[in-house]
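The values are calculated or read from the model by the stated rules, or taken from the named source; none is laboratory data. Keep in mind that what you see is a predicted model, and the values were worked out from it rather than measured. Don't worry about glycine lacking a Cβ; one is built from the backbone with ideal geometry, like all the others, and counts go over all protein chains shown. These area figures cover heavy atoms from the full protein model, side chains too; ligands, DNA and RNA do not enter into them. Shrake-Rupley method; radii C 1.70, N 1.55, O 1.52, S 1.80 Å.
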Amino acid sequence: MINCCYYKSLQINIVLAIIGTLTSLLTISGNVLVLVSFFVDRQIRHPTNYFIFSLAVSDFLIGFISMPFLTLAIYKNKWVLGSFLCDIWLSLDYTVCLASIYTVLLITVDRFCSVKIPTKYRNWRTEKRIVILVLLTWLIHCECLSRYCICEWLTSHLRDTVECTLITIV
């Protein structure tokens, strides 16, 4: 169950569902445009834009997986899809969000190095190195996902109720 601080009226739930759905569709369509342009236009396929491609993939997955399930849970005022889907959803959500955040970090470091040490960095920044950085970003978080899933599935039989708790940091 997603714990809510107060009961929301039907009208508020409908408005939240519409906003969540529109935001999800906008996120999906915007990132599909980025992904399609990366494949269609060969001129933008240079190593620095691999970070943008990775960010578009992660943000697409957020819009396609994370946001619809969250919208449903907010609309229903509880998690209605069972503990197994809760574990999968939370695992994928955390993994994809972390990949997105670390990709933004890589973009920031890339821009910083391009400005502060342009000659040295330009020689270091090869296609192979950038691909390795992007893959490491995804592989590290997928490895964390697999560990989390294994731990959750091994302990899922100990739960009495279906409760899907989001960890929020304020």
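Here are some notes:
- With respect to being under 29 Å from L135 (Cβ atoms) and open to solvent by 60 Å² or more (accessible area, probe 1.4 Å), Q11 falls outside the description.
- A Cβ distance below 6 Å, combined with a sequence gap of six or more or placement on separate chains, defines the contacts here; from the range 116-128, residues that are open to solvent by 50 Å² or more (accessible area, probe 1.4 Å) reach residues that are part of a helix (DSSP H, G or I) and at pLDDT below 90 in the pairs R125/P47; E127/P47.
Here is a yes/no grid of residues against (1) at pLDDT below 90; (2) in a helix (DSSP H, G or I); (3) of a type in the set (K, R):
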position: F39; (1), (2), (3): no, yes, no
position: L55; (1), (2), (3): no, yes, no
position: F60; (1), (2), (3): no, yes, no
position: I74; (1), (2), (3): yes, yes, no
position: V80; (1), (2), (3): yes, no, no
position: L85; (1), (2), (3): yes, yes, no
position: D93; (1), (2), (3): yes, yes, no
position: L106; (1), (2), (3): no, yes, no
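- Pairs, first more than 8 Å from F60 (Cα to Cα) in the range 21-34, second open to solvent by 50 Å² or more (accessible area, probe 1.4 Å), C-beta under 7 Å, six or more apart: S24/P68; V34/I52
- Counted residues, the range 126-156 - those being among the charged types (D, E, K, R), farther than 16 Å from I88 by Cβ and either touching a His at 6+ places or on another chain (Cβ under 9 Å) or at pLDDT below 90 (or both): 2
- Flag for L92 being aliphatic (A, V, I, L, M), over 30 Å from S9 (Cβ atoms) and touching a His at 6+ places or on another chain (Cβ under 9 Å): no
- Of the residues making up the range 16-52, those that are buried (at least 18 other Cβ atoms within 10 Å of the Cβ) and among the aromatic types (F, W, Y) are Y50, F51.
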